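Okay, structure first, notes after.
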Amino acid sequence: SAQFQLAVPVAVVFAPGSVPGDLPRPLPFKDVQETETSVNLRTSVTSRYETVYRSTTAQEEAALDVATAREADAALHPLQDASLGSLTVYVVPETSSLLPQGISIYVGKHRSALVRAGGGLAALRTRLRQLMQVMSFTDSSIAAALSDRTPDGQLGPDARRHLKSSLGYEITFSLLNPDPKSHAVDWDIEDAVNRYVQPVLDKLSLVANFSVDSQILYYAVLGVTPRFDKESSSFLLSAHSLPHVINPVEARLGSSAASLYPVLNFLLYVPERSHSPLYIQDKDGAPVSTNAFHSPRWGGIMVYNVEAPVSPQAPLPLHVDVDMVRVMEVFLAQLRLLFGLSREELPPEILLESPGNEGLADWELDRLLWAHTVENIATVSTTLTSLAQLLDKIGNIVIKDDVASEVYRAVASAQSAMAKLATGHLHSAFQASKEAVTSSERAFFDPSLLHLLYFPDDQKFAIYIPLFLPMAVPILLSLAKIVREARQRKKEPTKID
């Protein structure tokens, strides 16, 4: 059974003129709020929000004395607690012009937010609760991380969409050109990866190691023939045929079976001339604006249509330069979806700052780390339980010292990760959970523990008796003869001359 305790250090900082009149005691003071949710009969999660209420410092006041919330967010960033998983909420007066009209909560791109005062402590607490749901983990994000232990009925539709926690991921960008006779396609994938993908992966490097490669595949076709639509004189792929597109393409992608880590595939498909232009339809038959779709835990495919030449006599193949900005926008959105970083619909009074070219905000990284830490600890627990069951079944198994020490290390690291979560040290908790996964897998996959190496005793008898029986029969017969002769000698009286 696992009782997870997740502690979140929160600072609520009041700017002059924003302190509610009904505070229980003078500033500064501390307050702890706990909620417990059970994931299943044996697993529960306790969320502990350890909040410090205080007034702004002179530096913070100066940082808040700017024209826009975005400038305030940038100026406050160096002044706040930068530790992973922590949150700082700045409460500004009700009349403050920092927040746009009608906005009561502004979420920055680091680990802080601005909240408009008004309505006393109860209203403030409601806003803080709303804010935690956005910026920190939620019951559903933790339940999704523990999805292997959660009864299916309790999970939201997105719970199994995102990738399982792993120590590394491999990303492959593939350009599919099924008709090279008609289209000579050029894409500057190296520049696009450096410019758009690398900043996101640099930010995610804390979570896992990433490797990126790209390839161009010729004569690779989709496994589904699109339907011709007379009205629009274009070809259509309907939503229900999309799952059948992936298998035939995947056969050409190269082996992901050889990879140690999950592989994310991003495919750019330039339809052949006879099927152009090609559009993807959603379930309701409406065209998909991005002309792309994604497959949970696998990757995404984007269809890139080529403009028909102005004159029918244009020489083939047509030269096509891919607009990488448009393509990368789609692939990055799909990458966020695969990591569970998609932004939910929020009430209109909450404004989220766009993370810019980094691709994800600091608090989104924290959300990912909370979920992956919990998932890693659960994975270690499952791996070691399976290992223990295997060892119980095989009585004569030999456990080498290095396997035993990996098991001890995995248990110690998992316990350390749990303890660090309970004290709100997210970074060290995540590192410990990664070490626990590495050690538990080393132990589980150790070649000396291959159960085929150890036979039950009855199998040994079954194997060796047929081999020894033919040799044993003459030996036993001669032994019996020797015993008989010895007895015979005893019975015969000895002659005395």
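The values are calculated or read from the model by the stated rules, or taken from the named source; none is laboratory data. Note that this is a predicted model, so its numbers are computed, not measured. Positions of Cβ are backbone-derived with ideal geometry, glycine not excepted, and every protein chain shown enters the neighbour counts. Surface areas here come from the heavy atoms of the whole protein model, side chains and all, with no ligands, DNA or RNA. Shrake-Rupley method; radii C 1.70, N 1.55, O 1.52, S 1.80 Å.
Sort out which residues of the stretch 179-213 are more than 23 Å from Val322 (Cβ to Cβ) and in a loop (DSSP other than H, G, I, E, B), and write them in order of number.
Taking the stretch 179-213 as the starting set, the residues that turn out to be more than 23 Å from Val322 (Cβ to Cβ) are 202-209.
Result: Ser205, Leu206, Val207, Ala208.
Looking at the stretch 373-395, is at least one residue outside any helix (DSSP H, G or I), of a type outside the set (A, V, I, L, M) and within 21 Å of the chain's Cα centre (by Cα)? Even if it seems obvious, please write down each step before you answer.
In the first step, residues of the stretch 373-395 are kept if they are outside any helix (DSSP H, G or I); the result is 394-395.
If we keep only those that are of a type outside the set (A, V, I, L, M) as well, we get 395.
Right, trim to within 21 Å of the chain's Cα centre (by Cα) and you get none.
No, the stretch 373-395 contains no residue that is outside any helix (DSSP H, G or I), of a type outside the set (A, V, I, L, M) and within 21 Å of the chain's Cα centre (by Cα).
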### Message
Restricting to the stretch 111-130, name every residue that is surrounded by fewer than 20 Cβ atoms within 10 Å (Cβ to Cβ) and within 28 Å of Phe339 (Cα to Cα).
### Response
Arg129, Gln130
### Query
Out of the residues in the stretch 1-18 that are modelled with pLDDT of 90 or more and open to solvent by 70 Å² or more (accessible area, probe 1.4 Å), which is nearest to Leu41 (Cα to Cα)?
Gln5
### Query
Hey, any hits in the stretch 305-317 for a residue that's in contact with a Leu (Cβ under 7 Å, 6 or more places away or on another chain) and within 17 Å of Val221 (Cα to Cα)?
yes
### Message
With the structure loaded, tell me whether Ala333 is surrounded by fewer than 18 Cβ atoms within 10 Å (Cβ to Cβ) and part of a helix (DSSP H, G or I) or whether it fails that test.
### Response
yes
### Single match in Glu36, Glu71 (criterion: farther than 30 Å from Val374 by Cβ, exposed (fewer than 15 other Cβ atoms within 10 Å of the Cβ), among the charged types (D, E, K, R) and under 34 Å from the mean Cα position of the chain (by Cα))
Glu71
### Message
Regarding the stretch 215-229, can at least one residue be identified that is modelled with pLDDT of 90 or more, part of a strand (DSSP E or B) and surrounded by 16 or more Cβ atoms within 10 Å (Cβ to Cβ)?
### Response
yes
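Considering the stretch 230-249 alone, what residues qualify as being part of a loop (DSSP other than H, G, I, E, B) and polar (S, T, N, Q)? Before the answer, list the steps.
To start, the set of residues in the stretch 230-249 that are part of a loop (DSSP other than H, G, I, E, B) comprises 230-233, 238, 242.
Scanning the stretch 230-249 gives Ser232, Ser233, Ser238.
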### Task
Out of the residues in the stretch 280-327 that are over 15 Å from Val245 (Cα atoms) and among the acidic types (Asp, Glu), state the one that is surrounded by the fewest Cβ atoms within 10 Å (Cβ to Cβ).
Asp284
### Query
In the stretch 396-434, how many residues are assigned to a loop (DSSP other than H, G, I, E, B), open to solvent by less than 60 Å² (accessible area, probe 1.4 Å) and closer than 23 Å to Ala208 by Cα?
1
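Quick one: count up the residues across the stretch 336-364 that are under 11 Å from the mean Cα position of the chain (by Cα) and either over 30 Å from Phe445 (Cα atoms) or open to solvent by 50 Å² or more (accessible area, probe 1.4 Å) (or both). Lay out the reasoning, then the answer.
The first filter runs over the stretch 336-364 and keeps only residues under 11 Å from the mean Cα position of the chain (by Cα), leaving 336-341.
From what's left, either over 30 Å from Phe445 (Cα atoms) or open to solvent by 50 Å² or more (accessible area, probe 1.4 Å) (or both): 336-337, 341.
Total satisfying the criteria: 3.
Given the options Asp186, Asp202, Asp179, name the one that is closer than 20 Å to Ala333 by Cα and of a type outside the set (Val, Ile, Thr).
Numbers: Asp186 fails: closer than 20 Å to Ala333 by Cα; Asp179 fails: closer than 20 Å to Ala333 by Cα.
Going through Asp186, Asp202, Asp179 in turn, just one is closer than 20 Å to Ala333 by Cα and of a type outside the set (Val, Ile, Thr): Asp202.
Regarding the stretch 263-271, can at least one residue be identified that is modelled with pLDDT of 80 or more, of a type outside the set (Asp, Glu), within 21 Å of Asp213 (Cα to Cα) and open to solvent by 20 Å² or more (accessible area, probe 1.4 Å)?
We begin by selecting, within the stretch 263-271, every residue modelled with pLDDT of 80 or more; these are 263-271.
Next, only the ones that are of a type outside the set (Asp, Glu) stay: 263-271.
The next check asks that each one be within 21 Å of Asp213 (Cα to Cα); those that pass are 263-270.
Narrowing the set further to residues that are open to solvent by 20 Å² or more (accessible area, probe 1.4 Å) leaves 263.
Among the residues of the stretch 263-271, at least one is modelled with pLDDT of 80 or more, of a type outside the set (Asp, Glu), within 21 Å of Asp213 (Cα to Cα) and open to solvent by 20 Å² or more (accessible area, probe 1.4 Å), which makes the answer yes.
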## Note on the structure
Scanning the stretch 326-377 residue by residue, the ones that are closer than 18 Å to Tyr106 by Cβ and touching a His at 6+ places or on another chain (Cβ under 8 Å) total 3
### Task
Of the numbered conditions (1) outside any strand (DSSP E or B); (2) exposed (fewer than 15 other Cβ atoms within 10 Å of the Cβ), Ala63 fails exactly one; give the number of that condition.
(2)
## Note on the structure
Result of the Cβ filter at 7 Å on the stretch 206-235, keeping first residues that are without any contact (Cβ under 8 Å) to a residue 40 or more places away in the chain and partners that are open to solvent by 70 Å² or more (accessible area, probe 1.4 Å) and not hydrophobic (A, V, I, L, M, F, W, C), at least 6 apart or interchain, is Gly223/His244; Gly223/Asn247; Val224/His244
